[in-house]
Structures are given as structure tokens and as C-alpha cells.
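Encoded as C-alpha cells, the structure appears first; notes follow it.
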Amino acid sequence: MSVNINIRNITKSFGEIQALNNVSLDIDQGELFGFIGPDGSGKTSLFRILTSLLLPDTGTVSVDGLDVVKDFKKIRNITGYMPGRFSLYADLSVEENLNFYASIFNTSVKENYDLIKDIYSHIEPFKKRKVHALSGGMKQKLALSCALVHKPSLLILDEPTTGVDAVSRMEFWELLKKMQKINITILVSTPYMDEASLCDRVALMQNGNLLAVNTPQQIIKQYKQQIFAVKTDNMHPLVADLERMNKEALVYRFGESIHVSSNAYDLELFESELKTNLSKLNHKDIRINKISPLIEDCFLALMDKNVVE
Amino acid sequence: MWAFIKKEFFHIFRDYRSMVILFGMPIVQVLLFGFAITNEINDAQIAILDHSKDVVTRELTQKIVSSNYFLLVENLESNNQIEAEFKKGDIKQVVIFESGFARKLEKEGKASIQLLLDASEPNTANMLNAYTTGIINTYSMQKMINSNAVPLSIQVDSKMLFNPELKSVYMFVPGVITVLLMLVSAMMTSISITREKELGTMEALLVSPLKPIQIIIGKVTPYVLLSFINLVVILLLAKFVFLMPIRGSLVLLLAECLLFIVMALALGILISTISKTQQQAMMMSMFALMLPTILLSGFIFPIENMPLILQYISHLMPPKWFIIIIKNIMLKGVGISYFWKETLIIAFMTVFFIGMSVKKFKIRLE
């Protein structure tokens, strides 16, 4: 049932702006594949090309052997797409939205109820409620139900978790894992780097380029630097101070501490130097911990490298 | 497709603003045009300066005042008063009889009346002039017949056909029907389609296997129905509030209106395919459709009096042909054989617009 996707040398520009720059990628059947990247990195443009909503300037995309330009009608039958903005009718009720999306795909809610039951059961108690009165998390679940109701073999979700609370986000990913088990290829884009570790494979995008494509584990494994998490009593000037001290290292705020990544030969020396230099700048209560990198650290390093180059 | 139409009805009925536009506007417009904007003269205030004060002038004054068009407010005594009266602004016309009016008429066979008109409102002045002249001519005719003095004089006798009382409702109702059908049909559809673009739901519709023609028919059907209801409301108002006759076949009238509605809807879709936002669609419908409909269709200003270039442009305006058709049906009561050409023109325009909009309807986002 599920499909594989072959993307070859896709380029797309809007006037001066290069949205996609020679992107090539293969996605296997039944994968839960994540596209991670900041706003404007080209995720949405790529998805719109995959769903045949945009034409690429150059390059080809095939979905299950179908060409997205020539065979767009067939592709539209097998694709479930959830656009970045919730594409629901605010003045219709939950039930009416779902029925409408089922009927434009020539199917009915009853026919595929099994498929959406897990998701829809969360919002079914509110089925008479108008969509504008739903919370972000409920809207998201309804939008997913609408994208799934015609039993697609490819599900494309454009930033489904943007603007949704943390609990709903976790729930949502669990649902995606379940979907994957019933043999649907799923592509998800997200600006939240922490969600990358939930995917089978991820592609990191920036300015229309693919920076890395790999499993989350491999991406962490390839990260060679040491990360120090730094905390002091005076956090406010800390980033600027650390940047001034370590010209070639990458310094960024991460949660409650500041991360400094270093490829110094002697890490012990680096750490003690850091401490003495900070005390000179009147920082007290200095805590420095060596930590193993998270996927976010890897992405930030890759993106920094891309900008420098 | 049925689901699509049902959804569209939900949109319309749940948005009270569009309901107000759909059903409130026609009624308000018809009543406004019917009552407020009128070309008829009722009780225009006049003054009379009678230098003669004899039997004939009294009779003539009587005729003029009893015509219902005029209201005598002042009997003036001298020429000096005239200017002051006009400056007060209430008096629209002063009728002056020369001295020795009856005697001159008896002896020389002619006498003079002078009409002074306040032409700061040219239309009103023209009409008052025509009315008064008419009354005086009728009087002198009768006089001649009665006295058997038959010096054969040729009188110009103009008679107003089809609208003998020159009722402006007869002119406005066809115009209002046209403007409203155009506005409701074209503007509402173009807005409802661009709204989907704006909200991003169009993206989801495009990804579905729906064909452009299915989306278009789904969008348009509710508005065909609603416009038709509107039309019936206007016709009922015209008939029972303004007592406007429908002399021709009602079925034919409704059929022609339906054709025009479909044409306007097709135009609305065409507008929506080239505009990105609701605002843009609204402006386009307003300026590209409303103004030409009102100005160039012959609704208010006669096409024959326009510069040649505008006359040619008016041929491109569907409302022009439609107004000819409904005037023919409602006022003259003639059948299709008298306006098949106009019908054909509108039918052709309809096909053209539908073809264009299906062709221009984007199956992708660009």
C-alpha cells in the first residue's frame, strides 16, 4: 500500500528567492520521514511540489513511480495532505468538516472509520462544535482526520505541530507512529528540532539546501565535538562573554544553560580556562558540565557550518 | 458534488453579513430607487404673476393648478417681486400673463405667456416647462374647437408610449434587477472563491481529485438559487408596491433572468481566478462591473446620447442587452422573436465566460 518517493535535482525559485536548490532524496516505503528546518528553509515548497500543487523549475519527482507533473491526478487520489495553515472551515462543525473532506474524495467517514478512529475518538465528543471554537490541539487532530479519511498511501503533513501545546504534540507523534504501522508513508515537516528524534530518518534543511539526511542516531554519532553546558549567577551577559572568549567555538543558549561546543585537543584545559576567564569577568557560582550532544546540537552545528561556508 | 453545495449553503447561512447583503440589499435598493430617486414632478411650487386678471387667465391658472403637478404658493403683483421669490429657493417656476391677455387673444388671435424657470436643477426645469406648455396647448386647442374658429394650425402632439405617465419606476426596476443580479451573483461568488484561497482551504481542495468544473459548479449552484429568490422578491415588490405591469410572459422573463444570472456568475468566477484576496475580488467586482452596469448600460443615461466610443464600449456590457430584453418583456409585452438577438448575445457571453474561467482556473497554486 505505502509508496516510495524519488526526488531528483529539484530546483525552485520565486523571483529572486531560491526556495529549493538542487534537492535529491529517496524516501522508502512506510518510512516516517522528518524535514527539519527554520521558516523559509524550503520545506513547504518541497511538500507542495510533492503534492503537485507547485511545478518544479527543474528536476523530477516520482511518487510510487508516478510523475508529479504528468500524473498529478493519480497522485492526488493517493495523497493525504495537511497544509501548514489548518485547512478547515471555521464556520462548519467538526462533523461537517470531516464529512465534506470524505465526500470530495468519493468516500464516507463510515467506510474508513477504523483508520481514523484513534484520532477522531479524541474529538468526537465535540463533533457538533464549530471549528473556530476548538483548541489548537483539537484542530490539529481534526485536520489529520480529514487528511486521512480517504485512506491515502502517502501522508504529507506540513508543520502539523506548530502552535500546538507540548502535550498535544507528544500525543500527535504517538498517533503518527500508529499510522505508520498500518503501512502509510508519512512525511512531516517541523521547525522543532527535538521532534527529529521521533522520526525514522530526518533531513535537515536550510535556505533550500539539504544539509544532512540520516537517522537521528547516525546524525548524533557523526558529531565529533564536545559540548559544555555553562551556567553562572549572571546569565544575561554570559552568551556575549563566552563568544568573546571562544572565537572559533559555537556558543548558543539552550534551555536554562549556555552550550559551548569545542573541538579543542585538551578538553580538561579548555574547561579550566573557561572557568578562570569567567571569574575574571565577575561571574560567580560557575557550573560547567560536559554533556553528550542532543540532535539539536548537531543541527545547530550543521547549520552554523552551512552559513560560514 | 452535493456535499460541496451543502457546504456552500452552510457558509452562506451562517454568515449573517452575507445574508444581509443577499436579502436586505435588494429590498432596500428597490425601495430607494422607487421612492427616493424619482424623476416625477409632484406639487412643484410655483408663483403666478397675472398682469391681466381676466376670464382666460383665471381659467388657465385653474387648469395649471388643478393638474396635481403644481402647487400655487404666491400670487405676485409686480415684476420686481420675481427675483426675490426665486432667491428664496422654494419657487421653481413663475408663470407671467401679459396685460390684456383675453382681449389680445380675441382680437389678434394670439397672446403671450412667459415661463420663468429655476434652471439650477436643469432636469426639473425641463420637465416643468414641458408640463406647463402641455397644459397651455391643450387649453388653446379646446378653445379653438369650441369656438369653431378652424384656422387649421398644426400642433405637435407628442404622446409617451408604454410609460404614458413617464413613471420612473418603469425605468428603474429593470435597471435595479440588472444591477442587483450582477452584484449578488458576480461579487458573492468571486468573494466566496477567493475566501477559500485566503483561508488556505483551496490548497486542500486542489489536492483532492475534484475537477475544476466540479469546484465551480459546487460554488455557483447556491448562488444561482439565491439570486433567483432575489429576483422573485424584486419582481413582487415592483408589482405590488410600485404597481409595475409585467405585460409579457412571466416564464420567458424568468428564463431570461436565469440566463443573465448564470452569465454574471461565470463573470464572478473569472474575477476570482485572477484575484488573490477577497478585497481584490470585491474591488474588481465593484469597479469592473458595478460602475459600467450603472453608467454604460442605458440604465440611467441613454446610450444614444453618449460619445461614439462609449457607445461601442456599451455594446460589450452584458447589462445593456439584458435591460433591453426585460424592458421588452415587462413594458411592451412582446415575445422572444423581438429580442432573440439580444438573448443570443448574452448566451454567447455566458459560454465565453464559463470557457475562460474553466481554462483559467488554476489546478495548482501558481
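The values are calculated or read from the model by the stated rules, or taken from the named source; none is laboratory data. Nothing here was measured: the structure is a model prediction, and the numbers come from that model. Don't worry about glycine lacking a Cβ; one is built from the backbone with ideal geometry, like all the others, and counts go over all protein chains shown. Protein only, heavy atoms only, side chains kept; ligands, DNA and RNA dropped before computing areas. Shrake-Rupley method; radii C 1.70, N 1.55, O 1.52, S 1.80 Å.
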Reported set for the range B:8-18 where residues are without any contact (Cβ under 8 Å) to a residue 12 or more places away in the chain, part of a helix (DSSP H, G or I) and facing another protein chain (nearest Cβ under 8 Å) is B:PHE10, B:ARG14
Reported set for the range A:55-85 where residues are open to solvent by 10 Å² or more (accessible area, probe 1.4 Å), within 8 Å of chain B (Cβ to nearest Cβ) and part of a loop (DSSP other than H, G, I, E, B) is A:LEU55, A:GLY84, A:ARG85
Here the qualifying pairs (Cβ atoms under 8 Å; residues six or more apart or on different chains; first in the range B:273-287 and closer than 15 Å to B:ILE21 by Cβ; second hydroxyl-bearing (Ser, Thr, Tyr)) come out as B:GLN278/B:THR194; B:ALA281/B:SER190; B:ALA281/B:THR194; B:ALA281/B:SER272; B:ALA281/B:SER275; B:MET282/B:SER190; B:SER285/B:SER190
A:SER2 vs (1) open to solvent by less than 60 Å² (accessible area, probe 1.4 Å); (2) more than 27 Å from A:GLU195 (Cα to Cα); (3) modelled with pLDDT under 90: all pass except (2)
When A:LEU157 is run through (1) touching a residue at least 24 places away in the same chain (Cβ under 8 Å); (2) of a type outside the set (Lys, Arg); (3) touching a helix residue (DSSP H, G or I) at 6+ places or on another chain (Cβ under 6 Å); (4) more than 9 Å from chain B (Cβ to nearest Cβ), the failure sits at (3)
Some residue of the range B:193-211 being open to solvent by less than 10 Å² (accessible area, probe 1.4 Å), of a type in the set (Ser, Thr, Tyr), touching a residue at least 12 places away in the same chain (Cβ under 8 Å) and within 14 Å of another protein chain (Cβ to nearest Cβ)
no
When A:SER103 is run through (1) facing chain B (nearest Cβ under 7 Å); (2) without any contact (Cβ under 8 Å) to a residue 24 or more places away in the chain; (3) in contact with a Ser or Thr (Cβ under 7 Å, 6 or more places away or on another chain), the failure sits at (3)
Scanning the range A:97-118 residue by residue, those over 21 Å from A:PHE172 (Cα atoms), surrounded by fewer than 20 Cβ atoms within 10 Å (Cβ to Cβ) and not polar (S, T, N, Q) turn out to be A:LYS110, A:GLU111
Quiz item: Just wondering, is there one or more residues in the range A:86-96 that are within 30 Å of A:THR60 (Cβ to Cβ) and not in a helix (DSSP H, G or I)?
Solution: yes
The one condition A:ASP266 fails out of (1) open to solvent by 40 Å² or more (accessible area, probe 1.4 Å); (2) touching a strand residue (DSSP E or B) at 6+ places or on another chain (Cβ under 8 Å) is (2)
The helices (runs of 4 or more DSSP H) lying wholly within the range B:270-324 that contain at least 1 residues that are under 12 Å from B:SER190 (Cα atoms) are B:278-284
